[in-house]
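Reading through the structure tokens given below for one structure.
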Amino acid sequence: MKILLSALFLVAAIGCQPADEHDAKSDAAATRPDVQLADDVMLDEYLAQYAPYEMFFDASGLPEEEKALLRKLVDASGLISDAYLLQTSKAAIDIRTELDNQPGPSAEKALTLLRRNGMPYDQLKDHATFAGGEPYYGGHEIYPRGMTAETFDRYFAKLDEEHQAAFMDPYTVIREDEHGGYYAVPYHVEYAEQIAEIAALLREAAGLATNTSFRDYLRLKADALESDDYFDVDVAWVELTGNPYELVIGPFETYSDGIKGVKAKYESFVEIVDQEESKKLEVYKKYLPALEDNLPIPDEYKSNVEGLTAKFVIVQDIHRGGEAGVGYQAVAANLPNDPKVHAEKGTVKTFWKNMFKARFDTIIRPVSQRLIAEDQQQYLSADGFFQFVVMHEICHALGPRTVKVGPKKGQAANAAIGPVYSPLEEGKADIAGMLSLVWLMDNGVVDANREREFYVSYLGSLFRSVRFGTQQAHGKAAALSINYLTNQGAIAYDADTQRWSIVFDKFRDGVRNLAGELLLLLGNGEGDAVMAFFDQWGMTPELQAGLDSITDLPIDVLPEYKIQWD
């Protein structure tokens, strides 16, 4: 049973067994104790954090060849979840098997939470355990259990340059040897069984693809998964043209590496491309150099974005696998993350329009109606939220990607800064995005009459993100932005109504000041300084009280993907 099946499918799979198979499972279950679960009150509290939302796609009218292609892409996406679980929580695999044989509503609730979190710990409750008894470890299955950043660093310092590179490679796991030391194992070796199946499916799908660039991309992706060398396929991805479907698959994000912040996790999206809507965003490409030049930092901190391809793709996703299907449900992405690809080619900025609608309708609007001043709610809109996200993704490509000064000069910023890099990068993209939006309005590219709409919708999005908690990258970045901008007078808090509002005549200055500080932190590459800055602008009593007042509202979407094939 794949972890990304909907809760409905999980229940059906348990309840519709043939009689003899069901009896066999019951007999097997009776020979071992049930999985230890949190009590029903706690399970219900955890489930209430998520708003179920059906993501339906009707493939029945497609030509048979295209359906066959999509089926293979969906199968590959499902298999990537197995590799992801091996990276994240082997306990989750065992618990899932046990819960399949454990009757009752408590097991069904725990299965849904397991599917949503990819581990037996709730990510929105600071990784509180809801199934099993093994304590949470931030290194997941990538590092030996118990290894800390300090342990890693002490051993790392003794290695030669070649082995150091292997230890910091985004695509290796760290394992203990028989002599009390450690060694690095490439992903394609550690997860060879899963990768072989996925690569075979991608090559079969390539044989069905009629778009030449997509066919080549699928074959290159199969090769890359088997070698952990992604540069050529990432370039091919940026250069895709005219493809009606898209598959984003591989190890990308490093958010969940709680030890060094550099190890990428497997994820996947199967997407239907909206060609016409995507073309509407192409206008932003030519302004990248001007937006970089507008950043409030010295020239030596700026990056060269001349000639980079900024590809914008609006899609409907029909399946999410691996890390994409658990935890924080993204509405957009700026990938790949390889600084070399960024510098030499550019990125793909993807926007999932079905997830946009789900997030705004079920999360942002209800939260904003409770926390934003009533006289400013007229400015809240889905389009305003979309514009903010577009700018956020554009601005992942702006600013320092490597350390610009000091002894770490030239080192990738994420490797130099460590785990706190992810919230810094998310905060930078938020604030540089708003700063760039001001420039676009002032230069007639974006309608300046919608300025208030953009700012208030941005504030609503911040309240949505901060509810993920300050242990999560987006939540940590949102808390910092709210509190820094409040201190600057760009956001006002009314103690009587316990609501926030944008101070329109001070907002631009506040954004510019914060952008400068975040960008310098990126370029300086000092993890301790970044941590101190986030600690300075962390959770406040006012913000915590606001969050406590909306605990009855869901925090994130629980997507339930369903495809009608016939």
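Just one of ALA200, ALA184 is within 21 Å of VAL262 (Cβ to Cβ) and either without any contact (Cβ under 8 Å) to a residue 24 or more places away in the chain or assigned to a strand (DSSP E or B) (or both); which is it?
Exactly one of ALA200, ALA184 is within 21 Å of VAL262 (Cβ to Cβ) and either without any contact (Cβ under 8 Å) to a residue 24 or more places away in the chain or assigned to a strand (DSSP E or B) (or both), namely ALA184.
Take the residues in the stretch 436-465 that are assigned to a helix (DSSP H, G or I) and among the acidic types (Asp, Glu); name whichever of them is nearest to THR362 (Cα to Cα).
Residue satisfying both the conditions and the ranking: GLU453.
Within the stretch 37-64, count every residue that is within 25 Å of the chain's Cα centre (by Cα) and not in a helix (DSSP H, G or I).
Summing the residues that are within 25 Å of the chain's Cα centre (by Cα) and not in a helix (DSSP H, G or I) in the stretch 37-64 gives 10.
I'm trying to understand the selection: among the residues of the stretch 125-162, which are basic (Lys, Arg) and under 19 Å from GLU190 (Cβ atoms)?
Result: ARG145, single match.
Quick check on VAL348: is it of a type in the set (A, V, I, L, M, F, W, C) and farther than 26 Å from VAL438 by Cβ?
No: the conditions fail for VAL348.
Quick one: in the stretch 159-180, of everything that is small (Gly, Ala, Ser) and surrounded by 11 or more Cβ atoms within 10 Å (Cβ to Cβ), which residue is nearest to ALA416 (Cα to Cα)?
The selected residue is ALA165.
Exactly one condition in (1) in the same structural domain as VAL405 (by TED's automatic domain parsing); (2) within 22 Å of the chain's Cα centre (by Cα) is false for TYR561; which is it?
Going through the list (1) in the same structural domain as VAL405 (by TED's automatic domain parsing); (2) within 22 Å of the chain's Cα centre (by Cα), TYR561 breaks only (1).
Let me confirm something: among GLY410, GLY399, which residue is over 17 Å from the mean Cα position of the chain (by Cα), crowded, with 23+ Cβ neighbours inside 10 Å and assigned to a loop (DSSP other than H, G, I, E, B)?
Going through GLY410, GLY399 in turn, the sole match is GLY399.
If I filter the stretch 138-158 down to residues being in contact (Cβ under 8 Å) with a residue 60 or more places away in the chain and part of a loop (DSSP other than H, G, I, E, B), which single residue comes out as surrounded by the fewest Cβ atoms within 10 Å (Cβ to Cβ)?
The selected residue is THR148.
Restricting attention to the stretch 114-133, which residues are part of a helix (DSSP H, G or I) and more than 14 Å from SER89 (Cα to Cα)?
Listed by number, the residues that qualify are LEU124, LYS125.
For the stretch 221-264, what are the residues that are farther than 25 Å from PRO559 by Cβ, assigned to a loop (DSSP other than H, G, I, E, B) and over 16 Å from the mean Cα position of the chain (by Cα)?
GLU226, SER227, ASP228, ASP229, TYR230, GLU239, THR241, GLY242, ILE259, LYS260
Does the stretch 203-220 hold any residues that are in a helix (DSSP H, G or I) and either not assigned by TED's automatic domain parsing to the domain that holds ALA76 or not basic (Lys, Arg) (or both), and which are they?
If the condition is that a residue be in a helix (DSSP H, G or I) and either not assigned by TED's automatic domain parsing to the domain that holds ALA76 or not basic (Lys, Arg) (or both), then GLU204, ALA205, ALA206, THR212, SER213, PHE214, ASP216, TYR217, LEU218, LEU220 are the ones that fit.
Residues being farther than 17 Å from ASN334 by Cα and touching a helix residue (DSSP H, G or I) at 6+ places or on another chain (Cβ under 6 Å): count how many of those fall in the stretch 416-438.
6
Take residues that are among the basic types (Lys, Arg) and tell me which of the strands (runs of 3 or more DSSP E) falling wholly in the stretch 265-355 contain 2 or more.
By residue number, 309-322.
Which number in (1) closer than 30 Å to SER89 by Cβ; (2) in contact with a helix residue (DSSP H, G or I) (Cβ under 8 Å, 6 or more places away or on another chain); (3) in contact (Cβ under 8 Å) with a residue 60 or more places away in the chain marks the one condition that ALA224 misses?
Condition not satisfied by ALA224: (3).
The values are calculated or read from the model by the stated rules, or taken from the named source; none is laboratory data. The shown structure was predicted, so the numbers you read here are calculated from the model rather than taken from an experiment. When we count neighbours, we look across all protein chains shown, and the Cβ atoms used for this are built from the backbone with ideal geometry, even at glycine.
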